[in-house]
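We did not get these values from a lab; they are worked out from the coordinates using the rules stated. Predicted, not measured: the structure shown is a model, and the values here were computed from it. Positions of Cβ are generated from backbone atoms using ideal geometry, with glycine treated the same way; all protein chains shown enter the neighbour counts.
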Amino acid sequence: MNKRKVTLAAAAATVVTGAAGLSLLAMPAGAGQPPTLPSITPEALVEQVLTTKPTAFGGTVQVENKLGLPAIAEIPQLADGNHTARIWTDGNEKFRLALPTGQSEQTIVNDGATTWSWSSQTNEVTKAEHRADAEKAPAEAKAVDPATAAREIVNRTKESSDLSVDGTARVADRAAYELVLTPKPTEKTLVREVRIAVDSETKMPLRVAVHTNGASSPAAQVGFTQLTVGPQDAKLFEFTPAAGAKVTTPEAKEQRGDHKPEAALEQALQGKDPQFFGDGWDTVVGARIPAEAMTQVPAQAQGLVDRFTKKVSGSWGTGKVFTTKVATVLIADDGRVVAGAVPEQVLFDTIGQVK
């Protein structure tokens, strides 16, 4: 596993989402009889998932979370409950994402040069010009795309998992293989297994289901309920702000102090590369938030931390721990942060190594 591929932003977002990239996964099983497909080895299926070129598609995604996550205004699909999103892509970097929230909707469009984010409720648009070193896909897009989530999990954990193909399934009216990644017995993780439905034709992941120890049903689910594979209308990847819309840039938002809670934590961690301890499923990511940054966290972010954490202490010091069904985050009072898909004791044993 290439640990450098785990980005600093992912480490920071973990403090709020408690997921370390694993909380954005899976979907309910599709209806209908399991299809009959040619046999395939799990190793071959994994290779196809990782090497097959992404294809153009449009579809509806259903997200079902049972993680105990707080509601984040910008990404309501991460909160506990059932949510729906629509996504289109040209198979390259262009995409369109629609996130309904009650009577309003957030629309995100990547036209290849700019990512636009529009809220129908406020009629505000954020315009982010692409830079060579910048992420093209925001967290919202990664949170509801089963294919992206599945590929990241397979890439990070295949070496530390026992692989199997457990029959077939029908997802969004498409025939799929059921790929199962089970952490090896030596892995100290909260995850029991991850089940990924892989399209038999395109080898595109259609559904991912994360199961945790001691639970009979998935901890979280995200996947397609409707899917059309093939070229999409090019106009979907164009965006023109509506008349009267207020257009700002991420830089302008920062200057006026308009921060997302997770963005504030990300900025606090940007002064130093994340540190990694262990590998595979029980990898722990750590960082140290500078003392001055600890005092600059907006009240909204601090409120989330206080509300969804418990106070803990040990030989390492004192702090707060945030736990979901698939991940644990430990925030020490001195600014050290560690997180992973592991029990809290693993973090207690690890935080002393953070420099």
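For a 25 Å ceiling on Cα separation, which of these pairs sit above it: Lys53/Lys325; Lys158/Lys203; Lys158/Lys325; Lys311/Lys355; Lys188/Lys325; Lys127/Lys320? Beyond 25 Å: Lys53/Lys325; Lys127/Lys320. Relative protection proxy for 178-191, 319-332, from highest mean packing down: 319-332, 178-191 (other beta-carbon atoms within 10 angstrom).
In plain terms, the chain from Ser164 to Glu124 could stretch by 9.7 nm, reckoned as 0.36 nm per residue minus the Cα-Cα distance. With the simple spin-label model, which puts each label point 7 Å out from Cα in the Cβ direction, the Phe276 to Thr186 separation comes to 1.7 nm.
Highest mean first, the peptides 161-169, 345-353 sorted by other C-beta atoms within 10 Å per residue fall in the order 345-353, 161-169. Peptide packing: for 215-226, 103-114, 34-45, the average count of neighbouring Cβ atoms within 10 Å per residue gives the ranking 215-226, 103-114, 34-45, highest mean first.
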